[in-house]
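Working notes, structure below.
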């Protein structure tokens, strides 16, 4: 079984809300974004920091391979979300996770979708967006890491 699988409608709903309803990412209205769940956690071994999600631009081959009847030019971005984080997140944190990934995007003057790195640990715009709960990432990360550790222990016991 693959560690990757298509995200369900709940992820698309969050993306649509941020792009269309909130209007925070107007440049992404024409972007094609493939949402992919990842069942394998990515943890930085040095600082034990869990990656909730990440985004990448597609290359020419990936755009070609993702062309279909409804995706005439293929996808511009792939967004990967760690499924356990998504499952353990409430609506507000789901929105924060997706919003953070969308902050990496920009449309250059030639109409090409690209990515930018963080301007600080997060993004200045996200600090304002998350002012009601500035420690959300640490709190969610702690809970999810505890769940990962518990799942590892359960696996050892059941061997």
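The values are calculated or read from the model by the stated rules, or taken from the named source; none is laboratory data. What you are looking at is a predicted structure, and each value in this text was computed from that prediction instead of being measured. Methodologically, a virtual Cβ is constructed for each residue, glycine included, from the backbone with ideal geometry; neighbour enumeration extends over all protein chains shown.
Quick notes
- Just one residue in the set 2, 10 is modelled with pLDDT under 95 and not in a helix (DSSP H, G or I); that residue is 2.
Yes/no matrix, rows are residues, columns are (1) touching a helix residue (DSSP H, G or I) at 6+ places or on another chain (Cβ under 9 Å); (2) free of Cβ contacts under 8 Å to residues at least 24 places away in the same chain; (3) exposed (fewer than 10 other Cβ atoms within 10 Å of the Cβ); (4) closer than 27 Å to residue 3 by Cβ:
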| position | (1), (2), (3), (4) |
| --- | --- |
| 26 | yes, yes, no, no |
| 30 | no, yes, no, no |
| 38 | yes, no, no, yes |
| 49 | yes, no, no, yes |
| 54 | yes, no, no, yes |
| 63 | no, yes, no, yes |
| 86 | yes, no, no, yes |
| 130 | yes, no, no, no |
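The rows are residues; the columns are (1) under 28 Å from residue 32 (Cβ atoms); (2) within 18 Å of the chain's Cα centre (by Cα).
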position	(1), (2)
80	yes, yes
96	yes, yes
103	yes, yes
112	yes, no
149	no, no
155	no, no
159	no, no
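- The set of residues in region 13-62 being under 18 Å from residue 91 (Cα atoms), within 14 Å of the chain's Cα centre (by Cα) and part of a loop (DSSP other than H, G, I, E, B) consists of 52 alone.
- Filter result for residue 123 (under 23 Å from residue 17 (Cα atoms) and touching a strand residue (DSSP E or B) at 6+ places or on another chain (Cβ under 9 Å)): no
- If you go through region 132-159 and keep only what is within 21 Å of residue 82 (Cβ to Cβ), in contact with a helix residue (DSSP H, G or I) (Cβ under 8 Å, 6 or more places away or on another chain) and exposed (fewer than 13 other Cβ atoms within 10 Å of the Cβ), you end up with just 133.
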